[in-house]
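Right, one structure below, let's go through it.
The values are calculated or read from the model by the stated rules, or taken from the named source; none is laboratory data. This structure is a prediction, so every number in the text was calculated from the model and none was measured. Cβ: placed from backbone, ideal geometry, glycine included. Neighbour counts: every protein chain shown. Side chains are part of the model used for accessible areas, which takes the heavy atoms of the whole protein and leaves out ligands, DNA and RNA. Shrake-Rupley method; radii C 1.70, N 1.55, O 1.52, S 1.80 Å.
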Amino acid sequence: MAILDTSATAGQTPATAPLLEIRDLHVEFRTRDGVAKAVNGVNYQVHSGETLAVLGESGSGKSVTAQAVMGILDMPPGRITRGQILFRGQDLLTMTGEQRRRLRGRRIAMIFQDALSSLNPVLSVGRQLGEMFQVHRGMSRKAARVAAIELMDRVHIPAASARVDDYPHQFSGGMRQRIMIAMALALEPDLIIADEPTTALDVTVQAQVMDLLAELRRESDMGLILITHDLGLVAEAADRIAVMYAGRIVESAPVRDIYRRPAHPYTEALLESIPRLDRKGGPLRSIEGLPPSLLRIPEGCAFHPRCHRARELCRTEVPLPDRPAPERTSACHFWKETFGD
Ligand code: SF4
């Protein structure tokens, strides 16, 4: 089986260098019960103007990878043991704390899932947005207030000028998430990482927030990493998907292809567990078992205890990424069986 480029854009020939490139990233946490291996050799790339969805169940390592990019991992107990995180070709992991702080917000911004606990409850949203402009752009308070209203307009908060002095608790969950998006956009970063940005919202509001993110990404040339456990959510929003399991990327592909023809049994099982308009009839399947403890990742393919295609080889040998098609990778010994079914 060939050893190939494992990046989430493997096989593409992008015209430009990646905005962000993660190479062979390993992150572990020392706990009382042992070492939890949260990220085990992750590779992916994001280009300007591209949306990459990083998909996986909780504990798959998707958020830990994002925290490593942002430089907000708790260290200790966390530790980056290997790898590089190149932002416009510069390794973030060799930068000083001050250099990384300067990048945060200005060049790389993050949207968290829980807007209520991320916003300051005792400051109006206008103050919180305005402070970004005062601190980073040196604007006067008056000019920062005008810029805050413009930003609220941009993320479609109705009657922004009337609501600029309202406090976070006076907004609905969906509107608060729009404010979080506005804060991330304020300094016009090159890259936004949205970590489960719609988890706390109901389905209709989820769709509106996803539409907003897609619209904003189209308007600018920024890159967007969308971290989610919801395969149904990314169909419209992402260009590419990287599927993670037990700290590794098990499959990567353009969105349009992965829904039509998965090349990894885990992706296949995820797809069979969501309702789809293009497949009528038949029960939805759930994936048997639970994701492994990161303290005790199974030998061989980490997915083998839950995989209906597992064989003896899967219990002993870690599958290396192979390339089922030019823009795709699959880390499965028997990907042809899934791909060819
Ligand atoms: Fe399943 Fe084996 Fe492929 Fe792992 S390597 S996904 S256990 S078939």
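Taking a ≥ b ≥ c as the square roots of the eigenvalues of the Cα gyration tensor of the stretch 265-335, is the shape rounded (a/c under 1.5), prolate (a/b larger than b/c) or oblate? Taking the square roots of the gyration eigenvalues as a ≥ b ≥ c, the stretch 265-335 is oblate.
Across the stretch 138-155, rounded Karplus estimates of 3J(HN,Hα) from the backbone phi angles (6.51 cos²θ - 1.76 cosθ + 1.60, θ = phi - 60°) give x, 6, 6, 4, 5, 5, 5, 5, 4, 5, 5, 5, 4, 5, 5, 4, 4, 9 Hz, Gly and Pro being marked x. The residue among Leu320, Pro283, Ala331 whose Cα reaches farthest toward the positive pole of the charge dipole of the stretch 279-341, with charges on the beta-carbon of Lys, Arg, Asp and Glu, is Pro283. Here the chain exposes an accessible surface that is 51 percent carbon and sulfur, computed with a 1.4 Å probe and the other protein chains kept in place. Judged by the mean number of other Cβ atoms found within 10 Å, the most tightly packed of the peptides 129-138, 265-274 leads the ranking 265-274, 129-138.
Using only alpha-carbon positions in the stretch 189-329, the gyration tensor eigenvalues give semi-axes of 28, 18, 16 Å once each is multiplied by 5 and square-rooted (largest first).
Take the alpha carbon gyration tensor of the stretch 46-118, find the square roots of its eigenvalues, order them as a ≥ b ≥ c, and report rounded if a/c is under 1.5; if not, report prolate when a/b exceeds b/c, else oblate.
Numbers: a/c = 1.26, a/b = 1.15, b/c = 1.10.
Judged from the Cα gyration tensor, the stretch 46-118 comes out rounded (a/c under 1.5).
Shape class for the stretch 1-153: prolate, because the ratio a/c of the largest to smallest gyration tensor axis (alpha-carbon atoms, square roots of eigenvalues) is 1.5 or more and a/b beats b/c.
Averaged per residue, the chain has 47 square angstrom of accessible surface, using a 1.4 angstrom probe with ligands and nucleic acids left out.
Beyond 25 Å, what share of the Cα-Cα pairs of the stretch 96-224 is found? Please give it as a whole percent. Show your work: numbers first, answer last.
Details: 1556 of 8256 pairs.
Within the stretch 96-224, distances greater than 25 Å cover 19 percent of Cα pairs.
Residues whose amide H lies under 5 Å from that of Val54, counting only those 5 or more places away or on a different chain, are Leu226, Ile227, Thr228, Ala242; hydrogens are built 1.01 Å from N in the peptide plane. Shape summary: the chain maps onto an equivalent ellipsoid whose semi-axes, from the alpha-carbon gyration tensor, are 36, 22, 19 Å in decreasing order. Here the 3J(HN,Hα) profile of the stretch 224-237, calculated from phi with Karplus coefficients 6.51, -1.76 and 1.60 at θ = phi - 60°, is 9, 10, 10, 9, 7, 9, 10, 5, x, 7, 9, 3, 8, 8 Hz, Gly and Pro shown as x.
Backbone geometry of the stretch 304-316 corresponds, through the Karplus equation with coefficients 6.51, -1.76 and 1.60 at θ = phi - 60°, to 3J(HN,Hα) couplings of 4, x, 10, 9, 6, 9, 4, 10, 4, 3, 5, 7, 10 Hz, x marking Gly and Pro. For the chain, what proportion of DSSP beta bridges, expressed in % and rounded to the nearest 5, is antiparallel? Approximately 60 percent, going by the DSSP bridge assignments.
Length available on full extension from Ala159 to Ser273: 0.36 nm per residue minus the Cα-Cα distance, which gives 37.0 nm.
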